Amino acid sequence: MGAAGVVGATSRTARAASNKQFKGYADSNAVLHDMTRCIGCRRCEAACNTVNELPAPEQPFDDLKVMEAWRRTTARTYTVVNQFFPDGDTLPPVFVKKQCNHCLEPACASACFVKAFTKTPEGAVIYNADVCVGCRYCMVACPFDIPAYEYHKALDPKIMKCTMCHPRILEGKLPGCVEACPTEALVYGKRDELIRVARDRIHTFPDRYLDHIYGEHEMGGTSWLYLSGAPFEALGLREDLGNKAAGEYTSGALGAVPIVIGLWPVLLTGIYAINKRKEKIAAEERAAAVSEAVDHAEVQAEGRLKAALEKAEQDKAAAIEREFKKALEAEAKARLASGGSETGDGEKA
Ligand code: SF4
Ligand code: SF4
């Protein structure tokens, strides 16, 4: 890319950062993955590993048995090729390369409140680890399950994903995977042009392809486009996403990338206020419950005291009565015992 291209790219990046609803760059690049041409050789995986200086895989790239189990991208593997048998185990498999789809309006960027993701005019969605705070909202937001986290790193873990070889693109080179593909199952070029190529293939070979370019409209469009002869859903590509970009779903709250910075403190303040209100209500409810319990206890205590006093009165009365009775009996006995002498004394007297 010449100096003029770089200048243009910089000014367009600034434009993207100030728009509420950014609709993607008109002249951006993309990759067309024609799955009917893919032979599952994994050379794209190997090239990606080399270009990005990633650790060696557990199983070497010429071991195709690794595809017997479905794989996802990880912090050490930015792209994987999976095999599917949409027509049953006896027919040849369909190979599907999985990586970041470099959405035109990326959900990862919409979710990131520190703006660590940027959709570049060239087509790549790139990530700035320097501003990332590790909240991992991008992982939750991505409908294609792409951003991976360096869980194995205790210090300064980052989000890892395919960069579409953006540094190579700026140097005028092809993405590593595209360059390595021996069958041209991967083609890099202007997105609009690739859509025309894809339509032409569908039109020329209607028995070979479904009349659908996956990524042309899904989630508002992506910079990775797919052609297939089998239903995309049977190849692990979600068909339930709809055609709206992530920013449109969240425009009322998180909105497009640029307004997130402004909105996020408001949102957090709102969440804080809601939590505080909940705490206040809980405290008031607690106080009311305690007051009720105290009232109840007071009433009960009063009742118990009254009952105890009544019982004490009754006991006291009974005791007095008992003592009075005892005294009367003792008096009667004494009279009986001294009855004769008393009479004699009386007679004597
Ligand atoms: S595929 Fe996921 S990680 Fe890649 S740009 Fe789209 S939302 Fe972001
Ligand atoms: S290099 Fe090309 S043919 Fe080989 S697995 Fe990757 S996309 Fe398929």
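The values are calculated or read from the model by the stated rules, or taken from the named source; none is laboratory data. This structure is a prediction, so every number in the text was calculated from the model and none was measured. So basically every Cβ, Gly included, is an ideal-geometry build from the backbone, and we count neighbours across all protein chains shown. What goes into the accessible areas is simple: the full protein's heavy atoms, side chains included, and nothing from ligands, DNA or RNA. Shrake-Rupley method; radii C 1.70, N 1.55, O 1.52, S 1.80 Å.
Say whether the condition of being within 15 Å of ligand 1 (Cβ to nearest atom), buried (at least 17 other Cβ atoms within 10 Å of the Cβ) and not aliphatic (A, V, I, L, M) is met by at least one residue in region 88-98. Talk me through it step by step, then tell me what you get.
Residues of region 88-98 within 15 Å of ligand 1 (Cβ to nearest atom): 96-98.
This time we only want the ones that are buried (at least 17 other Cβ atoms within 10 Å of the Cβ), so: 96-98.
From what's left, not aliphatic (A, V, I, L, M): 97-98.
Yes, that holds for at least one residue.
Restricting to region 67-84, count the residues that are over 20 Å from VAL31 (Cβ atoms), at pLDDT 95 or above and open to solvent by 60 Å² or more (accessible area, probe 1.4 Å).
Number satisfying all stated conditions: 2.
For residues in region 17-51 being of a type in the set (A, V, I, L, M) and modelled with pLDDT under 95, which is least open to solvent (accessible area, probe 1.4 Å)? First the steps, then the outcome.
Just the residues of region 17-51 that are of a type in the set (A, V, I, L, M), to begin with: 17, 26, 30-32, 35, 39, 46-47, 51.
Going one step further and asking which of them are modelled with pLDDT under 95, we end up with 17, 26.
Numbers: ALA17: 41, ALA26: 89 Å².
The extreme case among them is ALA17.
Give the number of residues within region 151-167 that are away from ligand 2 (no atom under 16 Å from the Cβ) and modelled with pLDDT of 95 or more. Spell out how you get there, then give the answer.
Kept after step one, since they are away from ligand 2 (no atom under 16 Å from the Cβ), are these residues of region 151-167: 151-161, 163, 166-167.
Of the ones still in play, those that are also modelled with pLDDT of 95 or more are 159-161, 163, 166-167.
Going through region 151-167 one residue at a time, the tally reaches 6.
May I ask you to verify whether GLY172 is more than 12 Å from ligand 1 (Cβ to nearest atom), part of a loop (DSSP other than H, G, I, E, B) and open to solvent by 50 Å² or more (accessible area, probe 1.4 Å)?
Working: more than 12 Å from ligand 1 (Cβ to nearest atom): yes; part of a loop (DSSP other than H, G, I, E, B): yes; open to solvent by 50 Å² or more (accessible area, probe 1.4 Å): yes.
The answer is yes for GLY172.
Looking at GLU184, GLU233, which one is at pLDDT 95 or above, open to solvent by 60 Å² or more (accessible area, probe 1.4 Å) and under 30 Å from GLU53 (Cα atoms)?
GLU184
Among the residues of region 203-230, which ones are surrounded by fewer than 16 Cβ atoms within 10 Å (Cβ to Cβ) and assigned to a helix (DSSP H, G or I)?
HIS203, THR204 - these are the residues of region 203-230 that are surrounded by fewer than 16 Cβ atoms within 10 Å (Cβ to Cβ) and assigned to a helix (DSSP H, G or I).
Can you list residue pairs whose Cβ atoms sit under 7 Å apart, with the first residue in region 90-108 being within 13 Å of ligand 2 (Cβ to nearest atom) and the second being open to solvent by 10 Å² or more (accessible area, probe 1.4 Å) and assigned to a helix (DSSP H, G or I)? Count only pairs 6 or more apart in sequence or on different chains.
Going by the 7 Å Cβ cut-off, the qualifying pairs are LYS97/CYS44.
Being open to solvent by 10 Å² or more (accessible area, probe 1.4 Å) and closer than 18 Å to TYR226 by Cβ, is that true of even one residue in region 52-61?
no
Quick check: is even one residue across region 60-71 away from ligand 1 (no atom under 16 Å from the Cβ) and on the phi > 0 side of the Ramachandran plot? Walk me through it before giving the result.
Filtering region 60-71 for residues away from ligand 1 (no atom under 16 Å from the Cβ) gives 60-71.
Going one step further and asking which of them are on the phi > 0 side of the Ramachandran plot, we end up with none.
Checked against the condition, which is being away from ligand 1 (no atom under 16 Å from the Cβ) and on the phi > 0 side of the Ramachandran plot, region 60-71 yields no hits at all.
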